[in-house]
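Just dropping this structure here.
Just so it is clear, none of the values below were taken in a lab; they were calculated from the coordinates. Just so you know, these numbers come straight off a predicted model, no measurement behind them. Glycine also receives a Cβ, built like all others from the backbone with ideal geometry; neighbour counts cover every protein chain displayed.
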Amino acid sequence: MKDVIDLYKKVIVQIATPYSTGTGFWVKESNLIVTNEHVIRGNATVIIESSIIPKQISKVEFIDQESDLAFLRAPEGFEIPDIKLLDTANVAEGDAVIAIGHPFGLKYTATQGIISNTKHTINSQNYYQHDAALNPGNSGGPLINQAGQVIGVNTFIIQNGNSIGFSLPSLVLLQAIEEYKNSGALFGTKCASCTNLVTEKNIEQQYCPFCGSKVALPSSYPEYVPKGVSKTIEEIIAKTGNNVILSRLGPNSWQITHGSAKISILYHEKTGMITGDAFLCKLPKENIKAIYEFLLRQNYDLDGLSLSILGQEIVLSLVMYDRYLKLETGLKLINNLFQKADDYDDILIKDFGAIARSIE
């Protein structure tokens, strides 16, 4: 199983939109990134990132709401392993399986289980039921058998169901890939009414040419426009010289790499709190007491910032409130967070032997 898990490290892709995060996987043979439609819903473009792909924008090329499938444009210039999609229904109860994805934004997590039911039907669509743990962020990732073949796309769970997950069989995925590729179109969608493939080549204005139902190609989705506090935060991020679109990581969440620090900015709408956490270097095995003493002394003098330790990570934090947020003051505070993050990272590594963060 370890060899199978290692094989997929270059294939699994993390996906982020202004509304959600999820998982995808790169199918080399068709040169598409596969995920769930609900992961990318309403977005013409998404942000993708993996162990070999730097964070970048990818276009949504195909959507099928009924099967909850979506295909993304794969980037060019990367060598990836060739994974296999199971092309038969040769799956049985009790088969061992692995679910791989990015739950809760964590990087590359694998969980193991068995197939519980091969014929769980919802709205005429068959799913594999299994007990490999799935969590928010796993959606769109592959379900893999012991031979390393993809047998399904992890699609949904039963809330509070104690590891009851459901995956769309790979046969459905293979059929969708074949139909989309054979169309020769750049953008396509399955009509929810008649299930025919509607593409940029045959769409009649905004309607399905087969049944007349209204349809929307993924390329026609409107661009995301932030509002209110989120808009102000994005204006601040832009003025720091960072790419706002690449910084988005789900609703009211942004992540920026500044020097060797990873900085997360979150807006908590219910409380009105805006937090900025700069994850700096990590604690060494020695000289820890001196680091604690240094952090406590710094906190006594810091204005608007605080240093803390989360697990092994040293964190510099900022707290603002939406009622007081203005572009000028917010920019000043965020720039101060960036600068202090650089300063403290250098001091802690050079003077106290802290361990530098590896850039992910």
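7 Å from Cα along Cα→Cβ at both ARG323 and ASP87: what's the point-to-point distance in nm?
With each label placed 7 Å out from Cα toward Cβ, I get 6.4 nm.
Restricting attention to region 67-102, which GluC sites (Glu not before Pro) occupy a DSSP loop and are surrounded by at most 10 other Cβ atoms within 10 Å? Show your work: numbers first, answer last.
Working: sites: GLU76, GLU79, GLU93; in loops: GLU76, GLU79, GLU93.
The qualifying sites are GLU76, GLU79.
Now for a different question. Normalised by the number of residues in region 96-166, what is the relative contact order in percent for Cα pairs under 8 Å and 6+ residues apart?
Numbers: 164 pairs, mean separation 22.0, N = 71.
Rounded, it is 31 percent for region 96-166.
Sticking with this structure for a sec: Using a Gaussian network model of the chain with C-alpha springs under 10 Å, which one of HIS130, HIS258, HIS38 is most mobile by mean-square fluctuation?
Ranking HIS130, HIS258, HIS38 by mean-square fluctuation puts HIS258 first.
Another one. What is the angle, in °, between the Cα long axis of helix 170-183 and the longest principal axis of the Cα atoms in the chain? Nearest 10 is fine, range 0 to 90.
That helix lies at roughly 80 degrees to the long axis.
Under 25 Å between alpha carbons, and skipping anything fewer than 8 positions from LYS107 in its own chain: which lysines qualify?
Within reach: LYS2, LYS9, LYS10, LYS28, LYS55, LYS59, LYS84, LYS262, LYS282, LYS285.
Still on this structure, I have one more. Just how many % of Cα pairs in region 96-166 lie over 18 Å apart, if you round to the nearest whole percent? Working shown, then result.
Details: 747 of 2485 pairs.
Percent of Cα pairs beyond 18 Å in region 96-166: 30.
In terms of Cα to Cα distance under 18 Å, which aspartates and glutamates are near enough to LYS119, apart from those fewer than 8 places away along the same chain?
GLU66, ASP68, ASP87, GLU93, ASP95, ASP131
Could you give the C-alpha radius of gyration of region 19-135 expressed as a fraction of 2.2 N^0.38 Å, taking N as the number of residues it contains?
Details: Rg = 15.1 Å, N = 117, 2.2 N^0.38 = 13.4 Å.
After normalising by residue count via 2.2 N^0.38 Å, the value is 1.13.
Now for a different question. In what order do THR257, THR111, THR35, THR195 fall by count of nearby beta-carbon atoms within 10 Å, going from fewest to most? It would help to have the intermediate numbers written out before the result.
Working: THR257 15, THR111 20, THR35 27, THR195 12.
So the residues, fewest neighbours to most, are THR195, THR257, THR111, THR35.
Follow-up. Could you give the semi-axes, largest first, of the ellipsoid that matches region 228-352, computed as the square roots of 5 times the alpha carbon gyration tensor eigenvalues and rounded to whole Å?
On the way: eigenvalues 143, 43, 32 Å².
Equivalent ellipsoid semi-axes, largest first: 27, 15, 13 Å.
Distance from the Cα centre of region 1-31 to that of region 57-71, in angstrom?
When both Cα centres are located, 15 Å separates them.
Return the Rg/Rh ratio of region 239-294 with Cα-based radii and a Kirkwood Rh. Please report the intermediate quantities before stating the final value.
Values: Rg = 14.9 Å, Rh = 13.4 Å.
Radius of gyration relative to Kirkwood radius: 1.11.
How big is D for the chain, in µm² s⁻¹ as a whole number, if Stokes-Einstein is applied with the Kirkwood radius of its Cα pairs at 37 °C and 0.692 mPa s? Walk me through the numbers on the way to the answer.
Details: Rh = 22.3 Å.
My calculation gives 147 µm²/s for D.
Can you tell me the 0 to 90 degree angle between the C-alpha axis of helix 288-301 and the longest principal axis of the chain, rounded to 10?
It works out to around 80 degrees.
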